[in-house]
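*Asks:* Have a look at the structure that comes next, please.
The values are calculated or read from the model by the stated rules, or taken from the named source; none is laboratory data. Keep in mind it's a predicted model, so treat the numbers as computed, not measured. Here Cβ is always computed from backbone atoms with ideal geometry, including for glycine, and neighbour counts include all displayed protein chains.
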Amino acid sequence: MAAIGTLRNLGPAMERDFAKCGLTTAEELIALGADDAYARLISAGIRPHFIAYCALAMGLEGRDWQDPSAAEKVDLRRRFDAIKAEQTQVPIGIEAELDRIGTGRR
């Protein structure tokens, strides 16, 4: 079993974050895939960050985190936003109040 830090782009900070959600091996991350693994990070309370998601997605492909083409970046952003939206639901009522006072997400 290989440590998460053996995967390209993933270092000690990502290892610590993944350990918080019970993922400790590179094999577990590979089996889950980038989207499911990142969703677990967010659900464990890790703050979503697009670059970290890119590093994970590209790392699981054996590529540098700065490697995606413009079209791939658009797709990665779409996937990241969908994961983030699914994992960070705002309780009903709060969102309407935030919109009313001008600090909502819209």
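*Asks:* I'm told Ala55 meets every condition in (1) of a type in the set (Gly, Ala, Ser); (2) more than 13 Å from the chain's Cα centre (by Cα); (3) not in a loop (DSSP other than H, G, I, E, B) except one. Can you identify the failing condition by its number?
*Replies:* Against the list (1) of a type in the set (Gly, Ala, Ser); (2) more than 13 Å from the chain's Cα centre (by Cα); (3) not in a loop (DSSP other than H, G, I, E, B), Ala55 comes up short only on (2).
*Asks:* I'd like the full set of residues that are of a type outside the set (Gly, Ala, Ser) and either in a loop (DSSP other than H, G, I, E, B) or within 17 Å of Thr6 (Cα to Cα) (or both), limited to region 58-72. If you could, list the steps in order and put the result at the bottom.
*Replies:* Here is the first cut: in region 58-72, the ones of a type outside the set (Gly, Ala, Ser) are 58, 60-61, 63-68, 72.
Once the filter is applied, which keeps residues that are of a type outside the set (Gly, Ala, Ser) and either in a loop (DSSP other than H, G, I, E, B) or within 17 Å of Thr6 (Cα to Cα) (or both), region 58-72 yields Met58, Leu60, Glu61, Arg63, Asp64, Trp65, Gln66, Asp67, Pro68.
*Asks:* Could you list, in sequence order, the residues of region 39-48 that are closer than 13 Å to Ile4 by Cβ and not charged (D, E, K, R)?
*Replies:* Hit for region 39-48 is Leu41, nothing else.
Table: residues versus (1) surrounded by 16 or more Cβ atoms within 10 Å (Cβ to Cβ); (2) among the acidic types (Asp, Glu); (3) free of Cβ contacts under 8 Å to residues at least 40 places away in the same chain; (4) out of contact with any helix residue (DSSP H, G or I) (no Cβ under 9 Å at 6 or more places or on another chain).
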position: Leu7; (1), (2), (3), (4): yes, no, no, no
position: Gly11; (1), (2), (3), (4): no, no, yes, no
position: Arg16; (1), (2), (3), (4): no, no, yes, yes
position: Ile30; (1), (2), (3), (4): no, no, yes, no
position: Arg40; (1), (2), (3), (4): yes, no, yes, no
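*Asks:* Looking at Ile46, is it at pLDDT below 95, among the β-branched types (Val, Ile, Thr) and not in a loop (DSSP other than H, G, I, E, B)?
*Replies:* Working: at pLDDT below 95: yes; among the β-branched types (Val, Ile, Thr): yes; not in a loop (DSSP other than H, G, I, E, B): no.
Considered against the rule, which asks whether it is at pLDDT below 95, among the β-branched types (Val, Ile, Thr) and not in a loop (DSSP other than H, G, I, E, B), Ile46 comes out as no.
*Asks:* Being touching a Cys at 6+ places or on another chain (Cβ under 8 Å) and either assigned to a loop (DSSP other than H, G, I, E, B) or of a type in the set (Gly, Ala, Ser) (or both) is the filter here; which residues of region 1-43 pass it?
*Replies:* If we filter region 1-43 for residues that are touching a Cys at 6+ places or on another chain (Cβ under 8 Å), which is where we start, we get 40-41, 43.
Residue satisfying the conditions is Ser43 alone.
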